[in-house]
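The values are calculated or read from the model by the stated rules, or taken from the named source; none is laboratory data. Keep in mind it's a predicted model, so treat the numbers as computed, not measured. Here Cβ is always computed from backbone atoms with ideal geometry, including for glycine, and neighbour counts include all displayed protein chains. We work out accessible area using only protein heavy atoms, side chains counted, and drop any ligands, DNA or RNA first. Shrake-Rupley method; radii C 1.70, N 1.55, O 1.52, S 1.80 Å.
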Amino acid sequence: MILWPSIFTDHHIYNDLVARLSTSYRFLLIDGPTHGQSEGGTDSFTMEDCAKAMSEVMDHFHLDRAIVGGTSWGGITAAHLALMSPARVKALVLMNTPMQIDAKRPGLKARFIAGGARCALKTASFRNGVAESFFSDTVLAANTAYARAFHDMLKAANPAPLATAVHSVILRGSPLLDRMSELTVPTLVIAGKEDRMYPISVQAKAALLAPQGRFEAVGGKHISAVERPDRVADIIKKFIGLEAAQ
């Protein structure tokens with residue numbers, strides 16, 4: 001199973017999920033450009049570029065096919081790989097994935113986030129604001145190890161390249177919702193019930209548009225793998241089990 005995280009996070013968001021599923025699956029976790037352990041420059045990129053990068057990582061590890069997915073940005077990346085190279089994707093897992101990012105009509109919140117990544121990344125107030133959007137109030141308080149990893153990654157990041165990555169993801173994309181009907185692989189869409197960034201109703205609609213789509217809602221906000229790892233692990237195991245049976 002290959003997973004790619006969201007903007008402002010790295011592979012650590014999958015620690016609890018991997019712990020719950022590692023007896024059944026092998027994992028390959030990919031940090032996006034300028035996030036976590038991945039390098040990055042100041043050149044903008046597209047989601048197709050990200051999908052090609054995911055494919056190149058698969059080549060490096062001699063993987064012809066895999067279950068691919070991700071959270072938010074990672075979900076968009078995995079979906080584009082499934083659209084570009086469906087033969088490489090056994091199944092698709094889209095967690096908390098934006099379906100209506102549109103470079104032609106960028107929202108005020110998206111522009112604010114992109115600007116903040118460049119100018120305010122090193123401030124605790126900006127990092128806390130991101131955390132408040134991503135996580136329920138009690139989650140980081142209860143998961144101190146991840147809370148520390150979250151802040152440490154952002155404090156260590158280079159603001160200019162990271163801002164370029166954020167800009168590329170949330171200000172240069174096209175609506176994934178318009179292409180869900182093109183997916184030819186089994187597709188699982190997981191959404192947080194309290195996610196104010198990306199409405200759950202849109203996530204449900206996207207899942208219905210996918211020919212082999214399934215939808216599951218879980219408690220919490222935008223990073224379900226951190227917020228509800230037990231529930232997400234159960235949903236993924238059930239989804240893959242059903243697809244294997246068919």
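Data table
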item	result
Some residue of the stretch 47-68 being in contact (Cβ under 8 Å) with a residue 60 or more places away in the chain, β-branched (Val, Ile, Thr), open to solvent by less than 40 Å² (accessible area, probe 1.4 Å) and out of contact with any Gly (no Cβ under 6 Å at 6 or more places or on another chain)	yes
Verdict on Ala204 being touching a residue at least 12 places away in the same chain (Cβ under 8 Å), under 30 Å from Val139 (Cα atoms) and part of a helix (DSSP H, G or I)	yes
Subset of the stretch 116-132 (residues that are open to solvent by less than 40 Å² (accessible area, probe 1.4 Å) and in contact (Cβ under 8 Å) with a residue 40 or more places away in the chain)	Ala117, Leu121, Val130
Hits in the stretch 141-160 - residues which are in a helix (DSSP H, G or I), aliphatic (A, V, I, L, M) and open to solvent by less than 30 Å² (accessible area, probe 1.4 Å)	Ala147, Ala149, Met153, Leu154
Qualifying residue in the stretch 23-45 (condition: of a type in the set (Val, Ile, Thr), open to solvent by less than 40 Å² (accessible area, probe 1.4 Å) and at positive phi)	yes
Residue list for the stretch 181-197, filter: surrounded by fewer than 18 Cβ atoms within 10 Å (Cβ to Cβ), more than 19 Å from Asp137 (Cβ to Cβ) and not polar (S, T, N, Q)	Glu182
Which numbered condition Phe239 misses (of (1) closer than 14 Å to Met95 by Cβ; (2) in contact with a Pro (Cβ under 9 Å, 6 or more places away or on another chain); (3) assigned to a helix (DSSP H, G or I); (4) open to solvent by 40 Å² or more (accessible area, probe 1.4 Å))	(4)
Number of the condition not met by Lys122 [criteria: (1) in contact with a Lys or Arg (Cβ under 9 Å, 6 or more places away or on another chain); (2) assigned to a helix (DSSP H, G or I)]	(2)
Residue check for Ser24: in a loop (DSSP other than H, G, I, E, B) and of a type in the set (S, T, N, Q)	yes
Any hit, the stretch 47-61, residues being of a type outside the set (Phe, Trp, Tyr) and at positive phi	no
Test: residue in the stretch 214-228 that is of a type outside the set (Lys, Arg) and free of Cβ contacts under 8 Å to residues at least 12 places away in the same chain	no
Those residues of the stretch 69-87 which are in a helix (DSSP H, G or I) and open to solvent by less than 40 Å² (accessible area, probe 1.4 Å), in sequence order	Trp73, Gly74, Gly75, Ile76, Thr77, Ala78, Ala79, His80, Leu81, Ala82, Leu83
The stretch 75-110, residues that are touching a residue at least 60 places away in the same chain (Cβ under 8 Å), touching a Leu at 6+ places or on another chain (Cβ under 7 Å) and of a type in the set (D, E, K, R)	none
